[in-house]
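Pasting a structure here, questions to come.
Every read-out reported here was derived from the displayed coordinates using simple, explicitly stated rules and does not represent laboratory data. Just so you know, these numbers come straight off a predicted model, no measurement behind them. Note that we place each Cβ from the backbone using ideal geometry, even for glycine, and neighbour counts take in every protein chain shown.
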Ligand SMILES: NC(=O)c1ccc[n+]([C@@H]2O[C@H](COP(=O)([O-])OP(=O)(O)OC[C@H]3O[C@@H](n4cnc5c(N)ncnc54)[C@H](O)[C@@H]3O)[C@@H](O)[C@H]2O)c1
């Protein structure tokens, strides 16, 4: 049982992490500015601090009050396309925000840090599926800021002998993902299909992604602390799915006959993205357990339940 701070704990992945930690008996605090997270996802048994990691005073106060042993650091600016237009904002949250956490005296007392990094650090790589040893050539400010966060955390962990597990997530999907941002294609398509609208595909739709279910990602974050892990781990399925295939699967589940429409491909999107999760399997004993078809069914069921609640209210 540990004292854990989850930054971004009101968000899509973070709220699931908080739930799992509380179920496991940990004491959990959340720091979140609710910029994309939601108050309704904040678990009632977690201590909630509403504030930004970009504010050093807030971060210091929270760290001092919580005195965490473990940090799951998920708070981030995560919209790749916005990062292309506003790189300074992206860097302020993802780089300076991360440094604010590390600058607190309390950070040196940590027993473990788990960092939510991203496949975006690799960019348009030639190694498919991509192992952790592949070169990192991020193609967006978001990928650059996540990679920079990784470097600072590795440096800090080595200096203070704190294990830092950097988890590079593939495309995470599942219940509670925001369908209105640009990032979560599963959520965006599902929400449109359930409203009887056609999904809008960027480019020809032949670009591929590695879709990993949020429950599997949460399991990886937990196992990283149980194993006291230090290092970089890909958290993906190793399976490549094109955006066209994804749209077809979701259309079948939602029983929609609407044909997708296509629009221009955004900047910063790699053509192929699929992670090799072998290292997480061998070192952490982690592997993805939810096949895409099942994860999509569960996600659609959740979106349906949300829309029926809205209709009833
Ligand atoms: N969803 C994915 O496919 C994916 C893939 C790779 C990496 N990640 C990473 O996982 C983490 C969680 O992503 P998510 O998909 O749950 O997104 P999300 O937007 O739902 O979660 C991010 C959370 O951080 C909070 N936040 C943002 N800026 C903040 C700030 N300045 N101070 C405090 N809180 C702040 C938001 O309010 C939100 O609750 C992020 O670090 C993201 O980069 C996500």
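For a distance above 16 Å, tell me the whole-number percent of Cα pairs in segment 205-247 that qualify.
Counting every Cα pair in segment 205-247, those more than 16 Å apart make up 49 percent.
Report, to the nearest 10°, how far helix 12-23 tilts away from the longest principal axis of the Cα atoms in the chain, using its own Cα long axis and a range of 0 to 90°.
So the helix axis and the longest Cα principal axis differ by about 60 degrees.
Note the direction-averaged projected area, equal to a quarter of the hull surface, for the Cα convex hull of segment 76-122, in nm².
Hull-based average projected area comes out at 3.8 nm².
Using only the alpha-carbon atoms of segment 267-310, report the extent along each of the three principal axes, biggest first, to the nearest angstrom.
For segment 267-310, the Cα spread along each principal axis is 43, 34, 15 Å.
How far is it, in nm, from the label point at residue 195 to the one at residue 40 when both lie 7 Å from their Cα along the line to the Cβ?
Result: 1.5 nm between the two label points.
A further question on this structure: Write down, largest first, the equivalent ellipsoid semi-axes of segment 179-313 in whole Å, where each equals the square root of 5 times an eigenvalue of the alpha-carbon gyration tensor.
One finds semi-axes of 29, 19, 12 Å for segment 179-313.
Continuing with the same structure: Could you work out how far the C-alpha centroid of segment 1-17 sits from that of segment 212-275, in angstrom?
21
Right, another one. Taking 7 Å along the Cα-to-C-beta vector as the label spot, tell me the residue 252-residue 1 distance in nanometres, rounded to one decimal.
If labels sit at residue 252 and residue 1, their model points lie 4.7 nm apart.
So, how do all the Cα-to-Cα distances of segment 10-169 break down into 5 Å bins, in percent, from 0 on up?
Per 5 Å bin, starting at 0, the Cα pair percentages come out as 2, 9, 18, 21, 21, 16, 9, 4, 1, 0.
Return the Cα extents of segment 142-240 along principal axes one, two and three, sorted largest first, each rounded to a whole Å.
Each principal axis gives a Cα extent; for segment 142-240 these are 54, 27, 24 Å.
Then there's this: As a test of the formula, what do you get for the chain when each DSSP H run with n ≥ 4 contributes -39,500 (n - 2.57) and the sum is divided by the residue count, at 222 nm and rounded to the nearest 500 deg cm²/dmol?
Per the formula, -11500 deg cm²/dmol.
Please state, rounded to one decimal and in Å, the Kirkwood hydrodynamic radius that segment 1-82 gives when every pair of distinct Cα atoms enters the mean of 1/r.
Its Kirkwood hydrodynamic radius stands at 12.5 Å.
Identify which of 128, 30, 162 has the largest mean-square fluctuation in a Gaussian network model of the chain, with springs joining Cα atoms closer than 10 Å.
Judging by the Gaussian network model, the answer is 128.
In Å³ and rounded to a whole number, note down the convex hull volume per residue for the Cα atoms of segment 106-147.
92
With each label point set 7 Å from Cα along the Cα-Cβ vector, what nm distance links residue 85 and residue 204?
2.7
Using the alpha-carbon atoms, what tilt in degrees (0 to 90, nearest 10) does helix 243-254 show relative to the longest principal axis of the chain?
The angle comes out near 80 degrees.
Please give the Cα centre distance for segment 168-197 versus segment 20-89, rounded to the nearest Å.
Comparing the Cα centres of segment 168-197 and segment 20-89, I get a distance of 21 Å.
Volume per residue, Å³, of the convex hull around the alpha-carbon atoms of segment 16-56?
Cα convex hull per residue, to the nearest whole number: 74 Å³.
Let me ask you something else. Please report 16, 72 as a ranked list, fewest other C-beta atoms within 10 angstrom at the top and most at the bottom.
The most exposed by this proxy come first: 16, 72.
Take the Cα pairs of segment 89-170, get the Kirkwood Rh, then feed it into Stokes-Einstein at 25 °C and 0.890 mPa s and tell me D in µm²/s.
My calculation gives 185 µm²/s for D.
Of 155, 286, how do they rank once you tally other Cβ atoms within 10 Å and put the fewest first?
With the fewest neighbours first, 155, 286 line up as 155, 286.
Using 1/(1 + (r/R0)^6) with R0 = 30 angstrom and r between the beta carbons of residue 228 and residue 159, what's the FRET efficiency to the nearest 0.05?
0.95
Given R₀ = 30 Å, FRET efficiency for residue 282-residue 135 by Cβ-Cβ distance, to 0.05?
For R0 = 30 Å, the calculated efficiency reads 0.90.
Roughly what angle does helix 292-312 make with the longest principal axis of the chain, taking Cα atoms, 0 to 90 degrees, to the nearest 10?
90
Kirkwood hydrodynamic radius, the chain, all distinct C-alpha pairs: what's the number in Å?
With all distinct Cα pairs of the chain included, I get 19.6 Å.
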